[in-house]
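Report on one structure; see the data block that follows.
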Amino acid sequence: MKNKDFRFSLLISLILTLVFIISITMFNYNFIKQYESNNNFVIANIIANIKEEYPDYDDVKLMEILNNDKIELNDFFKKYGIDFKDSLSISNQKLTKKMIIINLSILLIYILFIILTITFFNYKENKKIKQITNYIKEINNKNYELDILSNSEEDLSLLKNEIYKTAVTLNEQAKYLTKDKETLKDSLSDISHQLKTPLTSITLMIDTLQENKNLPEEKKKEMLTNIHHKIANINFLVQSLLKLSKFDANTIVFKNELNKVDDILNEVTDNLSTLIDLKNIKINIKGNKKDKLYCDFKWQVEALTNIIQNCIEYSNESSNIDISYSSNDLFTKIIIKDYGKGMSHEDEKHIFERFYKGENSSSDSVGIGLALSQSIIEKDNGYITVESKIGIGTTFTIKYLK
């Protein structure tokens, strides 16, 4: 039984019942003693009167008569003109009335205390129920700032605790929903901004191509190349957003298996071979070719592709990018280091945020690739950090926990 108030009320009731029984027992015991005393007093007076009137009466015989249960004393005393029952009734009448009054009084007090105890218990329970009802009304009115946590083990207190937890959960959900709405609003604004500029540029170039039939072939090719490039950027943005939305909805299921880290990095460099050749970047990969990573091959290739592509874009032409990897009992680590423009400390703090573009980012950057990479890496039980210095370069460190 967990309800403390109920246990307290039950204990009080038991104590009152015990006191009642003891009081009634003691009083009735005293009443019996007084009753016997009165009987003895009446009999003694009657015997004294008989002895006074009949001085020669045998005392031994008289005591035998009085102690004989088979002899009706009233009939015996009537021989001498004495009504024994009437004498006892007069003597004990006041005592009997007193006994009845006291017994009834004790009984009434007992019943009254029991009623008061039950009433008090019900009052406290009803008060708590009313309080809980008010809490629920406040929660329904979207007021979640209710500190109703109780450390008691009573049933209603436990209910209050659960309501408190529910209120906290609802409050957190409400905050998350508000934050999600704000994030969605900002994201839509960013997406609109990211799409508006290239689409406007594409529209203008198409209009120019349509209106100016006599444009030189070289100029037409340049415009078509720009259009193709901007469409590719838009396609990358849309695809990345779709992937991020799937991560947010937790609908992507990774097919994890042991993959050689070297195979993953070779696939990444193959994907970026055109960009690497354009900037004449040399990729240096160092590590134990036997090291393996338990992951989804396809998704990790995409995550590392975005990171290394970012390093290439920030690197100067004809520079190096060093990639090293190692493994121990706790994690597999991949370090990617470029020697390019670098970034400020402020950019470091926000580099993995969606649509964030640092000071040295290119005009084609949409600020979505690193955010997607972080989501993929975290999905595979990993985490990524970055360190950078302007003019010296940037280092990405990825650790996949085993």
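Here are the numbers for the structure shown:
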| item | result |
| --- | --- |
| Residues with amide H under 5 Å from that of residue 259, placed H, sequence gap 5 or more | 293, 294, 295 |
| FRET efficiency for residue 381 and residue 204, using Cβ-Cβ distance with R0 set to 45 Å, rounded to 0.05 | 0.45 |
| List 345, 229, 350, ordered by accessible area with a 1.4 Å probe, largest first | 345, 229, 350 |
| Solvent-accessible area of residue 19 with every protein chain in place, 1.4 Å probe, in Å² to the nearest 10 | 80 |
| Stokes-Einstein D in µm²/s, Kirkwood radius over Cα pairs - the range 274-402 at 25 °C with 0.890 mPa s viscosity | 164 |
| Cα Rg, Dmax, the range 209-264, angstrom units | 20.2, 59 |
| Overall Cα dimensions of the range 167-307, principal axis frame, Å, largest first | 64, 52, 21 |
| Listed residue pairs exceeding 26 Å between alpha carbons, taken from 127/165; 290/399; 185/243; 137/246 | 137/246 |
| Residue-span extension gain [residue 328 to residue 102] - 0.36 nm each, minus C-alpha spacing | 72.4 nm |
| Nearest-10 value in Å² for the accessible area of residue 257, using the 1.4 Å probe | 100 |
| Estimated inter-spin distance, residue 275 and residue 166, nm [label 7 Å along Cα→Cβ] | 5.2 |
| Surface accessible to a 1.4 Å probe, residue 15 within the full protein complex, Å² | 80 |
| Computed label-point distance, nm, for sites residue 389 and residue 234 using a 7 Å Cα→Cβ extension | 4.3 |
| Shape call, the range 306-358: gyration tensor on alpha carbons, a/c limit 1.5 | oblate |
| Average accessible surface area per residue within the range 221-328, 1.4 Å rolling probe, Å² | 57 |
| DSSP-loop trypsin sites (Lys or Arg not before Pro) across the range 276-309, with at most 16 other Cβ within 10 angstrom | 289, 290 |
| Carbon and sulfur %, accessible surface of the range 243-402 computed with the full protein complex present, 1.4 Å | 46 |
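The values are calculated or read from the model by the stated rules, or taken from the named source; none is laboratory data. Just so we're clear, the structure is a prediction, and the values are computed from it rather than from any experiment. Glycine also receives a Cβ, built like all others from the backbone with ideal geometry; neighbour counts cover every protein chain displayed. Ligands, DNA and RNA are stripped out before the accessible areas are found, and what is left, the full protein with its side chains, is counted by its heavy atoms. Shrake-Rupley method; radii C 1.70, N 1.55, O 1.52, S 1.80 Å.
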